[in-house]
Amino acid sequence: MALRYIRSYDDELLRKKSRPVEAISNKILTLLDDMKDTVISANGLGLAAPQVGVLRRVVVVRHEDAYYEMINPEIIETRDTQIKSEACLSVPGKQGKVERPAYVKVRATNRDGEEYEVEGTDILAVGFCHELDHLDGILFIDKAVEIVDRDDDEDDEEI
Ligand code: ZN
């Protein structure tokens, strides 16, 4: 088990575009293992590789009993819109309302190199969009209509 340091929004690395994973090396598998430990330890809903300083297209998303490891994820379908309050492990203490698709379908590769598709609505759709944005150097504060200090009573998980 290894926890990785989560970079904050003023770190320039978070603004860079991540490169695709070409081969699922031991390094990528260790990254996935460490991201899992890190996102659980931080009580987050998701984490993208650039947040731990790795500019590769890798994200993890937790939702209820499900846990998604996504290598080279792509949004292949969206439907409708929703506006929800978001937070981010890289933007501590802040939250803001962001408009996102209400439904998304994502295609990704798992750690065994198998391609899969997963659909998300509600907060899971938000999570997929939020984490995939990180791979293009985009933070929720770029899209939020209003950014306020976090109300810790509202929810205790961060995307
Ligand atoms: Zn984030």
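A few remarks follow.
- Residue satisfying condition, being among the acidic types (Asp, Glu), touching a Pro at 6+ places or on another chain (Cβ under 8 Å) and modelled with pLDDT of 95 or more, within set Asp34, Asp11, Asp80: Asp80
One line per residue, one yes/no per condition, for (1) over 19 Å from Glu114 (Cβ atoms); (2) buried (at least 21 other Cβ atoms within 10 Å of the Cβ); (3) more than 12 Å from the chain's Cα centre (by Cα):
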position	(1), (2), (3)
Gln51	yes, yes, no
Val60	no, yes, no
Asp65	yes, no, yes
Asp80	yes, no, yes
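- Residues located in the stretch 1-54, provided they are assigned to a loop (DSSP other than H, G, I, E, B), touching a strand residue (DSSP E or B) at 6+ places or on another chain (Cβ under 7 Å) and away from the ligand (no atom under 15 Å from the Cβ): Pro20, Val21, Ile24
- The C-beta contact set for the stretch 21-49 (first residue touching a residue at least 24 places away in the same chain (Cβ under 8 Å), second residue surrounded by 13 or more Cβ atoms within 10 Å (Cβ to Cβ) and among the polar types (S, T, N, Q), distance under 6 angstrom, 6+ apart or interchain) comprises Val21/Asn72.
- Residues in the stretch 137-159 that are open to solvent by 60 Å² or more (accessible area, probe 1.4 Å), over 13 Å from Lys84 (Cβ atoms) and modelled with pLDDT of 95 or more: Asp142 alone.
- The selection criterion, being under 16 Å from Asp133 (Cα atoms), open to solvent by less than 50 Å² (accessible area, probe 1.4 Å) and either at pLDDT below 95 or not hydrophobic (A, V, I, L, M, F, W, C) (or both), holds for Glu86.
The values are calculated or read from the model by the stated rules, or taken from the named source; none is laboratory data. Computed from a predicted model, the values in this text were never measured in an experiment. Heads up, the Cβs are rebuilt from the backbone with ideal geometry, glycines too, and the neighbour counts pull from every protein chain shown. SASA here: full protein model, heavy atoms, side chains in, ligands and nucleic acids out. Shrake-Rupley method; radii C 1.70, N 1.55, O 1.52, S 1.80 Å.
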